[in-house]
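S.K.: My structure is below; once you've seen it, I'll send some questions.
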Amino acid sequence: MITMSSMRSHKLVLIFALSCLLLQEKCTYASQCNESERRALLEFKHSLQAMDFSGDDALSSWISEECCLWVGVNCNSHTGYVEMLDFSDQLWVVAGTISPSLLKLHHLTSLYFNGNDFNGSLIPEFLISLKKLKLLDLSNANFRGPIPSLLGNLSMVETLRLGGNGEGVTFRHKFKKMYSVGKLEWLSHLSRLKQVDLSFTNLSNAKDWSQIISHLPLLQELSLRDCDLPSISSSSVSLTNSSTSLITLDLSDNKLPSSAIYPWLFNVSRNLVSLNLSSNQLKGPIPEALGNMMAIQELYLSDNLLILAESQVRGDSVLNEIGKLPDFMALDLGYSLLNGSISKSIGQLSNLRVLRLAGNSFDGDVISEAHFSNFTYLQKLDLSSTSLTLKFNSGWIPPFKLGQIMLCSCKLGPHFPDWIRTQMDVLTPDLDISSVEYLDISASGISDSLPYWFWGSFQGLKYINMSFNQISSTFPSNSIHISHLDLSSNNFSGPLPHFSLDFMDMGTINLSKNKFTGSGSPICNITNKGVLALLDLSNNLFSGVVPDCFESFLSLTALNLADNSFSGSLPSSLGSLTSLEMLSLRGNKFSGELPSSLQNCTELKFLDLSDNELSGEIPMWIGRRLSSLVFLSLQRNQFRGRIPHQLCGLKYLQILDLSVNKISDTIPPCLNNFTSMAEKVSLDRRIEHHLSDVGSSQWFAQVQVRYVDEALLTWKGKKQSYPQLGLLLAIDLSCNKLRGEIPEELSSLQELVALNLSRNLFNGKIIQNIGHLRQVEVLDLSRNKFSGNIPTSLSELTFLSTLDLSYNELSGKIPTSTQLQSFDPSSFSHNRGLCGPPISPNCSMVEPPPGKPAVGGEEDYDEFMKRFYTGMGLGFAMAFWGFCSVVFFKRSWRHSYFRYLDHAKDWVYVSVVLLKTRLVSRIRALSTR
């Protein structure tokens, strides 16, 4: 019995195994790639360029026979047909165009092309032939032009994402309003739609948007962020059906007024879970109807003009009602002009995961642990820019574990807050990772040493910003694992550590304005340096030669090593930084010529090499290859030769500073090609780098790092820092050896704000059309050899606030205008025959001064007097010590000298006594008369 049972069991096992093998063989055969689809995919590949971060072909696997195993390709496990192409969220970027060969993939249901670069091409209309398509994602893929209304024929589509810069945007693209749409009537034909994202498209003409959206019966998620949506009319509201399917609604950044959005919203909001109305024009108190949204879990109302009524501040109304909702998790009222104080009753929102009150006016209010006692589940706290004082009892342990701590400009100091340590406790002991990912306590009034426990607990942090405090510390010897680090404007010291960046995230390191020392060699040892986008080591005490190891910094956008003591020649590997937009090496001791490899940095907008010891001629390739330059400063170097006419090709240039060099020859007449200075165009008010990373969860938004390039300029005689570059258009060629006449073409720069040609060898007359420089505020032509009359058009410069024409050979009457006569006489001094106010009442009273060289007259006189007094002092010293030496060493001379002094003393004594006797006798004689 046992034997029969055992045999039967073995047979069953054998049958089961054979069945599995047969099934596996069948499935394997079924999942093999269809040959016609394989050829279609290869044809599709030929129209694309896919590269990873190292520059290799990301689709190199597309050569095997089994196309279902190719990267980005997903096949049906039973039929083997290609059903999905997914090129999103990869470590590589796809560029090129979409080939019509996709139409040969008859079973395609999903297309993920988001986050790539299709070169500004139009959305292909042939996509409408993919009748089985259920998901189409072309968001943030650099498509442009109108969205084809024929997409309304894709009747099976359930998910449609065409947003220009929607969720998931990275630093690769900054495109906005890539698409334009007329009416949205075509969208109504897609009755199966569940998810729609048209963010960052131009819907200003889609007056039917509210009706169309309201008639999509299955729609669950809708994102229309920054679409220039037109207001909703009252008739649209009356025609709107109440929606029961909409769960997530994002209408942020549309400038919609309260009167337009509230009536429509409360008619479709029965089951809303997430509502985002940030950055609109909502005014007044928070509407009471929001308290009736019983399903609401997330409410975002930031960047509006809201006010909290007195009852709402006490928590007796809307916030109180929301607090009773069991699943309410996110409240964002940031930058909504709220003021007053924060009531402790906010703690009733006991299920909160996100609390954001940043940018409101709670000045002077004190936050204590009582406000947070019920926030057991809080993950993100943002009280930035509120001037709140956080005052907690010593030893307080918060009931929550925060993932993001954002307390910029709050008052936490002077001591480093101990409660932060409880948030940085190790979450995963084996990996030494803490729960906090984001810490911002910048400008919080901390004047303290960094606690010993900080560097040992922060390894889970991706973002640290402790800038603008007075924190002192040194880096530990172990590796610092970080993605974004900003310790600028503190008292940190010591050498650089070994930084390790996360290869999945963009990296930024800003250590400027501290007291770091040592060499820059640790730069070469940064782990995963290929993702570093920003490196700022300026205003420290670094020295030595900058290492030549920049070949691997593939993503570097801004490099600032200014105001240190670096020396030697510029590393040639800087030319490998093809993504570089900002390079500042100002205020060091660099020498030698500019490396020719620098011409490969064609994306440069900001180049500051001032205050160094660089030499050679100004390279012609600056004008040819660096055509995007907005700021160029070579001030205070040893450059010689002429100004290359190729510089005239920098049509975007707003500031050109070549002062204090040894540049000679004439000014090239083609400077009128500086379009930004010659025409009234829209200028970059500042050169900013917006660097962002995608958040790690639904609660955590993108990590935004904003870096502004500041120009250091000599403005009205003082060196000043200017972040607002677009407000200042300037040319400074002072302190060189330039000669000849000012070219007439210079008067074409009608938007120029500052022009400094002083301390050169210019001659001839000042151009007659100088009055065409209507926007000029600063004009300095001093210490040249200009002659003739001052042009009358100079009186037309109504914005002129600083003028210097001194030390030239100008003559004649100063033109009459309220502007010119208001300047100090020194602005016109040391000119031959110049007369009239402000240097004299009129010209008839003025006699020409004796001839004296105009150029450098006062300087030459000062130099002569300096040398005269120096020579006189040296002569006296030599004569005195020579005489003393002779008297000391020559005995006979010494005796004669002292004998002479004795005779002289006796003679003076006798003479004084005789003179005194005679005076006394005369006084007596006069008194007896």
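S.K.: Determine which member of the set S245, S234, S199, S238 is more than 21 Å from N153 (Cβ to Cβ) and either surrounded by 22 or more Cβ atoms within 10 Å (Cβ to Cβ) or modelled with pLDDT of 90 or more (or both).
M.R.: S199
S.K.: Out of the residues in the range 319-341 meeting the condition of being closer than 20 Å to D382 by Cβ and at pLDDT below 70, tell me which one is surrounded by the most Cβ atoms within 10 Å (Cβ to Cβ).
M.R.: L319
S.K.: Something else now. From L779, L752, which residue is assigned to a strand (DSSP E or B) and either more than 36 Å from the chain's Cα centre (by Cα) or crowded, with 20+ Cβ neighbours inside 10 Å (or both)?
M.R.: None of the others qualify; the one that does is L779.
S.K.: Among the residues of the range 544-561, are any in contact (Cβ under 8 Å) with a residue 40 or more places away in the chain, touching a His at 6+ places or on another chain (Cβ under 7 Å) and within 26 Å of W455 (Cα to Cα)?
M.R.: No, the range 544-561 has no match at all.
S.K.: Another question, then. Could you tell me how many of the residues in the range 537-591 are open to solvent by 30 Å² or more (accessible area, probe 1.4 Å), over 21 Å from K515 (Cα atoms) and assigned to a strand (DSSP E or B)?
M.R.: So the answer is 1.
S.K.: In the set M156, M178, which member is modelled with pLDDT under 80 and either more than 37 Å from the chain's Cα centre (by Cα) or of a type in the set (A, V, I, L, M, F, W, C) (or both)?
M.R.: Values: M156 fails: modelled with pLDDT under 80.
Answer to the selection: M178.
S.K.: Another question, if that's okay. Being under 19 Å from G544 (Cβ atoms) and of a type in the set (V, I, T) is the filter here; which residues of the range 510-531 pass it?
M.R.: T517, I523, I526, listed by residue number.
S.K.: Something else now. It is to be established whether one or more residues within the range 498-511 are among the charged types (D, E, K, R) and over 16 Å from W455 (Cα atoms).
M.R.: Scanning the range 498-511 turns up at least one residue that is among the charged types (D, E, K, R) and over 16 Å from W455 (Cα atoms).
S.K.: P414 passes all but one of (1) modelled with pLDDT of 90 or more; (2) under 22 Å from I480 (Cβ atoms); (3) in contact with an Asp or Glu (Cβ under 9 Å, 6 or more places away or on another chain); which number fails?
M.R.: Among (1) modelled with pLDDT of 90 or more; (2) under 22 Å from I480 (Cβ atoms); (3) in contact with an Asp or Glu (Cβ under 9 Å, 6 or more places away or on another chain), the lone unmet condition for P414 is (2).
S.K.: If only one of L48, L85, L69, L103 is open to solvent by 10 Å² or more (accessible area, probe 1.4 Å), in contact with a Gly (Cβ under 7 Å, 6 or more places away or on another chain) and not hydroxyl-bearing (S, T, Y), which one is it? Don't jump to the end; show me each part of the working.
M.R.: Details: L85 fails: open to solvent by 10 Å² or more (accessible area, probe 1.4 Å); L69 fails: in contact with a Gly (Cβ under 7 Å, 6 or more places away or on another chain); L103 fails: in contact with a Gly (Cβ under 7 Å, 6 or more places away or on another chain).
Only one candidate qualifies: L48.
S.K.: Looking at the range 596-615 only, could you name the residues that are part of a loop (DSSP other than H, G, I, E, B) and open to solvent by 20 Å² or more (accessible area, probe 1.4 Å)?
M.R.: Across the range 596-615, the qualifying residues are T602, E603, K605, D611.
S.K.: Quick check on I618: is it more than 24 Å from the chain's Cα centre (by Cα), buried (at least 20 other Cβ atoms within 10 Å of the Cβ) and of a type outside the set (D, E, K, R)?
M.R.: Spelling it out, I618 is indeed more than 24 Å from the chain's Cα centre (by Cα), buried (at least 20 other Cβ atoms within 10 Å of the Cβ) and of a type outside the set (D, E, K, R).
S.K.: Here is a further query. Can A141 be described as more than 16 Å from A40 (Cα to Cα) and open to solvent by less than 10 Å² (accessible area, probe 1.4 Å)?
M.R.: For A141, the condition - more than 16 Å from A40 (Cα to Cα) and open to solvent by less than 10 Å² (accessible area, probe 1.4 Å) - is met.
S.K.: Among all residue pairs at least 6 apart or on different chains, which show Cβ distances below 9 Å where the first residue, located in the range 269-284, is touching a residue at least 12 places away in the same chain (Cβ under 8 Å) and within 15 Å of S252 (Cα to Cα) and the second is β-branched (V, I, T) and buried (at least 20 other Cβ atoms within 10 Å of the Cβ)?
M.R.: S274/I296; L275/I296; L277/I261; N280/I261; L282/I261
S.K.: For the range 609-626, how many residues meet the condition of being at positive phi and acidic (D, E)?
M.R.: Count: 1.
The values are calculated or read from the model by the stated rules, or taken from the named source; none is laboratory data. Every value quoted in this text rests on a predicted model; they were computed, and no experiment measured them. As a convention, Cβ positions derive from the backbone with ideal geometry for all residues, glycine included, and neighbour counts pool all protein chains shown. What goes into the accessible areas is simple: the full protein's heavy atoms, side chains included, and nothing from ligands, DNA or RNA. Shrake-Rupley method; radii C 1.70, N 1.55, O 1.52, S 1.80 Å.
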